[in-house]
Amino acid sequence: MTELKQLPAKKTIALVAHDHKKDELLDWVKRHRNILVQHHLIATGTTGKLISESLDVEVARVLSGPLGGDQQLGAMIAEEKINMVIFFWDPMESQPHDSDVKAFLRLCVVWNIPTASNSASADFLITSKYMDENHSVALPDYKTYLNRNIKKGI
């Protein structure tokens, strides 16, 4: 039987954007302000400051992505403290913290977190009928992985 986890009606939404995508994310959050202000917002350093100023709302902030913010958000995902991720990442430019970004996005998939990477997918998520209600999602079963036979010396 698949274990379920509850996404609450008032979600904790992580908002992240690479430098060349910050303006795009700011435009997006302004368009969806009425929805976003009904939820808990958390963001990486500069992005959080810009969103807070733009929307005139409180945004919890972690460190800047390259300084560990992506890893902080990843830990929060593993601890089931984040319910949704909007991450406008730049596919055209290498980032100094690409390995952190990859690990963060991997955790979104590992823990079955609704994730958007551009304005079109973010529009679909934010306007979903599940946005403002409790919603059950499957919690992946990693028992086989955790109980695998690990041979010493390999």
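The values are calculated or read from the model by the stated rules, or taken from the named source; none is laboratory data. All of these numbers come straight from a predicted model, not from anything done at the bench. In this analysis, Cβ positions are derived from the backbone assuming ideal geometry, glycine residues included, and neighbour counts consider all displayed protein chains. The accessibility values were calculated without ligands, DNA or RNA, using every heavy atom of the protein model including side chains. Shrake-Rupley method; radii C 1.70, N 1.55, O 1.52, S 1.80 Å.
Is it possible to state the helix-based mean residue ellipticity at 222 nm for the chain, with each DSSP H run of 4+ residues giving -39500 (n - 2.57), the sum divided by total residues, to the nearest 500 deg cm²/dmol? What is it?
Theoretical 222 nm ellipticity from helices: -11000 deg cm²/dmol.
Using a 10 angstrom cutoff on alpha carbons, build the Gaussian network for the chain and name the most mobile of Leu25, Leu139, Leu107.
Per the Cα network of the chain with a 10 Å cutoff, Leu139 tops the list.
Within the accessible area of segment 33-147, what % is carbon and sulfur when the probe is 1.4 Å and the other protein chains stay in place?
The C+S portion of the solvent-accessible surface of segment 33-147 is 54 percent.
Cα-Cα over 26 Å: which of Lys81/Lys151; Lys102/Lys152; Lys81/Lys129; Lys49/Lys129; Lys21/Lys102?
Going by Cα-Cα distance, Lys81/Lys151; Lys102/Lys152; Lys49/Lys129 fall outside the 26 Å limit.
Given H placed on each backbone N at 1.01 Å, which residues far from Ala43 in sequence or on other chains put an amide H within less than 5 Å of it?
Leu15, Ala60, Arg61, Val62
When Lys and Arg each count +1 and Asp and Glu each count -1, what net charge do the other residues less than 11 Å away from Ile51, Cβ to Cβ, add up to?
+2
Roll a 1.4 Å probe over the protein chains and send me the accessible area per residue for segment 12-81 in Å².
For segment 12-81, the solvent-accessible area averages 50 Å² per residue.
Within 15 Å, Cβ to Cβ, of Trp89, how many net charges do the neighbouring residues add up to if Lys/Arg are +1 and Asp/Glu are -1?
Residues close to Trp89 contribute a combined charge of -4.
Evaluate segment 57-137: find the radius of gyration of its Cα atoms, find its Kirkwood radius, and give the ratio Rg to Rh.
My calculation of the ratio gives 0.96.
Any number yet on Rg/Rh for segment 111-153, C-alpha, Kirkwood?
Ratio value, two decimals: 1.26.
Would you tally the net charge around Leu36, using a Cβ to Cβ cut-off of less than 11 Å, leaving Leu36 out, and scoring K and R as +1, D and E as -1?
+4
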